[in-house]
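Novice: Here it is, the structure in full.
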Amino acid sequence: MEKETATTMRTLTLSACLAFAITGLVCAGQPQKRPNAVRLEQAELYTVTAYCPCKVCCGKWSGGPTASGKMPVAGITVAGPRSIPFGTRVWIEGVGERVVQDRLARKYDGRFDLYFSSHKEALRFGKRTLKVRILP
């Protein structure tokens, strides 16, 4: 029984690592030390909007991969300005940490767009001006 449990745990750990790899996150053996709070004075104000996979939000690209080639994941994916490389982690006030995996149309290049799984959630979020910090 003990051997089965160990095998199951290894399988679950491998599955979690694969899930993180697919979404663009890193699975490391040791947790990285990070400060408990993000320093707000290093954050800049940005317009933050929301989108979902529907045709209203994404047009002909609805349901498809992001500009980086990854499938969007609610709670992880954010579309960011072209000056910020794909894979960059950002902290958004009141939202938390996200990974830049998508882009907006050029005319909206100076903002961030959070991915939500439903149109209702995206509409509820709306358009806000929030502090955003690029994480190391």
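Novice: Just one of the numbered conditions (1) touching a Cys at 6+ places or on another chain (Cβ under 7 Å); (2) modelled with pLDDT of 90 or more is not true of ILE76; which one?
Specialist: (1)
Novice: So for the range 19-31 (the condition being modelled with pLDDT of 55 or more and either surrounded by fewer than 12 Cβ atoms within 10 Å (Cβ to Cβ) or in the same structural domain as PHE125 (by TED's automatic domain parsing) (or both)), does at least one residue qualify?
Specialist: No - not one qualifying residue is present in the range 19-31.
Novice: So, in the range 44-66, how many residues would count as being farther than 15 Å from THR77 by Cβ, modelled with pLDDT of 90 or more and not acidic (Asp, Glu)?
Specialist: 3
Novice: Given the structure, is LYS107 part of a helix (DSSP H, G or I) and at pLDDT 85 or above?
Specialist: yes
Novice: How many of the residues in the range 111-136 are more than 22 Å from LYS70 (Cα to Cα) and not in a helix (DSSP H, G or I)?
Specialist: 8
Novice: Hey, another quick one. Which of the residues belonging to the range 91-128 are more than 16 Å from SER62 (Cα to Cα) and either in contact with a Phe, Trp or Tyr (Cβ under 7 Å, 6 or more places away or on another chain) or among the small types (Gly, Ala, Ser) (or both)?
Specialist: Hits for the range 91-128 are ILE92, GLY94, GLY96, GLU97, VAL100, GLY110, ARG111, PHE112, PHE125, GLY126.
Novice: Also: Considering only the range 93-110, state which residues are crowded, with 18+ Cβ neighbours inside 10 Å and charged (D, E, K, R).
Specialist: Hits for the range 93-110 are ARG98, ASP102, ARG103.
Novice: If you scan the range 82-92, which residues turn out to be modelled with pLDDT under 95 and surrounded by 14 or more Cβ atoms within 10 Å (Cβ to Cβ)?
Specialist: Matches in the range 82-92: ILE84 only.
Novice: Name every residue in the range 67-81 that is surrounded by fewer than 16 Cβ atoms within 10 Å (Cβ to Cβ) and of a type in the set (S, T, N, Q), in order of residue number.
Specialist: Hits for the range 67-81: nothing passes.
The values are calculated or read from the model by the stated rules, or taken from the named source; none is laboratory data. Quantities reported herein were computed from a predicted structural model and do not represent experimental measurements. Neighbour counts are summed over all protein chains in view; Cβ atoms, including those assigned to glycine, are modelled from backbone coordinates with ideal geometry.
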